[in-house]
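Undergrad: Dropping a structure here in structure tokens format, bear with me for questions.
The values are calculated or read from the model by the stated rules, or taken from the named source; none is laboratory data. Quantities reported herein were computed from a predicted structural model and do not represent experimental measurements. Cβ placement follows ideal geometry from the backbone for every residue including glycine, while neighbour counts extend to all protein chains displayed.
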């Protein structure tokens, strides 16, 4: 019963034969539910620099404040975006972004090949 106990790939689940075991059936159901959950997390829009992100549930920070609205900024040191509080200007990282419920407001539209001309 480790952290990957219910993370069997769909291809393997499809190859398993029918079973009468209640435990095996429950395990297969947990694995299928995890596959659906991960698929939904990957389908979320990825925040891009310039966008405003609003979380459904406020996030508590070390200073004791709860915040739910941030501006997405580029992270020069990595792929994961950074977030700026529009009120205080504080920059932070938000762990497990894909597992949180959020919506993007006024998405920034940035053309891939923008050339002046």
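Undergrad: Would you confirm whether any residue within the stretch 6-23 is out of contact with any strand residue (DSSP E or B) (no Cβ under 8 Å at 6 or more places or on another chain), part of a helix (DSSP H, G or I), touching a residue at least 24 places away in the same chain (Cβ under 8 Å) and surrounded by 13 or more Cβ atoms within 10 Å (Cβ to Cβ)?
TA: no
Undergrad: Among the numbered conditions (1) within 21 Å of residue 102 (Cα to Cα); (2) not assigned by TED's automatic domain parsing to the domain that holds residue 88, tell me where residue 24 comes up short.
TA: Checking residue 24 against (1) within 21 Å of residue 102 (Cα to Cα); (2) not assigned by TED's automatic domain parsing to the domain that holds residue 88, the one that fails is (1).
Undergrad: If you don't mind, there's one more thing I want to ask. Taking the residues in the stretch 50-72 that are assigned to a loop (DSSP other than H, G, I, E, B) and without any contact (Cβ under 8 Å) to a residue 60 or more places away in the chain as candidates, determine which candidate is nearest to residue 95 (Cα to Cα). Walk me through how you get there before you give the answer.
TA: Filtering the stretch 50-72 for residues assigned to a loop (DSSP other than H, G, I, E, B) gives 50-51, 61-65.
Filter once more, keeping what is without any contact (Cβ under 8 Å) to a residue 60 or more places away in the chain: 51, 61-65.
Values: 51: 18, 61: 12, 62: 14, 63: 17, 64: 17, 65: 17 Å.
Selected residue: 61.
Undergrad: Please state which one of 37, 42, 103 is loosely packed, with under 14 Cβ neighbours inside 10 Å, under 14 Å from the mean Cα position of the chain (by Cα), part of a strand (DSSP E or B) and at negative phi.
TA: Just one listed residue meets the conditions, 103.
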